[in-house]
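The values are calculated or read from the model by the stated rules, or taken from the named source; none is laboratory data. None of these values were measured; they are calculated from a predicted model. No Cβ is skipped: glycine too gets one built from the backbone with ideal geometry, and neighbour counts run over all protein chains shown.
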Amino acid sequence: MINKQKLEKVVFLDRDGVINRDSPDYIKSWSEFEFLPGSLNAIRQLTSNGFATIVITNQSAVNRHLITKEGLEDMHRMMEKHIQMRGGRINDIFYCPHTPEDACGCRKPKPGLIYKARDIYQINLDGSTLIGDSARDIECARNAGCGHAVLVRTGYGKEAEMKLSQKGISVDYVAENLYDATLWILGLHF
């Protein structure tokens, strides 16, 4: 695989519960996709301040046969288009189509997707941040060696705070939403 341009300032974003509303029934089509308040502005702020944003997402709906890979990729193209129309940019999207029973290395909390992004874009993970709404997101950031892990209270964030505390796993910041997390990241760098 040919390496792409090296990315310096990287923010990894979970998708469901961070960028868009999550659903226990999975997000299976663009008609079910709804941006969370402030998420488009947050990604625009990250982009305009020189950050690369990479989506790292578990999408077991594919292997559950609730959506095809093509359908998921079409949804991602629509998401990227709407983000771009608001002045933001998603540099890449990495997703795991597997169910927990598949025991793959790419399903969060395992770090496979982040490692794949690291290898393609020559990312220094010590300088990266992952923003997620679940305990597995934060565990993935820690397992991969990301410099910062931010938990948002949207999606499953409130339940995740308790799970992480019970497991003794720390977060660097607990944000109300993606926009709040973005302001925290910008404060670290400027």
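Counting only residues that are in a strand (DSSP E or B) and among the polar types (S, T, N, Q), region 85-143 holds 1 of them.
Here the condition is being out of contact with any Lys or Arg (no Cβ under 6 Å at 6 or more places or on another chain) and either surrounded by 22 or more Cβ atoms within 10 Å (Cβ to Cβ) or more than 26 Å from residue 135 (Cα to Cα) (or both); of 46, 72, it holds for 46 alone. Filtering region 22-50 to residues that are closer than 14 Å to residue 78 by Cβ, assigned to a helix (DSSP H, G or I) and touching a strand residue (DSSP E or B) at 6+ places or on another chain (Cβ under 7 Å) leaves nothing.
Hey, could you check region 1-21 for residues that are at pLDDT 95 or above, buried (at least 19 other Cβ atoms within 10 Å of the Cβ) and part of a loop (DSSP other than H, G, I, E, B) and say which is nearest to the chain's Cα centre (by Cα)? This residue is 14. Is it true that residue 43 is under 14 Å from the mean Cα position of the chain (by Cα) and touching a residue at least 40 places away in the same chain (Cβ under 8 Å)? Answer is yes for this residue. Scanning region 76-121 for residues being under 12 Å from the mean Cα position of the chain (by Cα) and of a type in the set (Phe, Trp, Tyr) gives a total of 2.
Here residue 187 meets each of (1) in a helix (DSSP H, G or I); (2) at pLDDT 95 or above with one exception, condition (2). Among the residues of region 59-89, how many are in contact with a Ser or Thr (Cβ under 9 Å, 6 or more places away or on another chain) and closer than 21 Å to residue 138 by Cβ? Number satisfying all stated conditions: 1.
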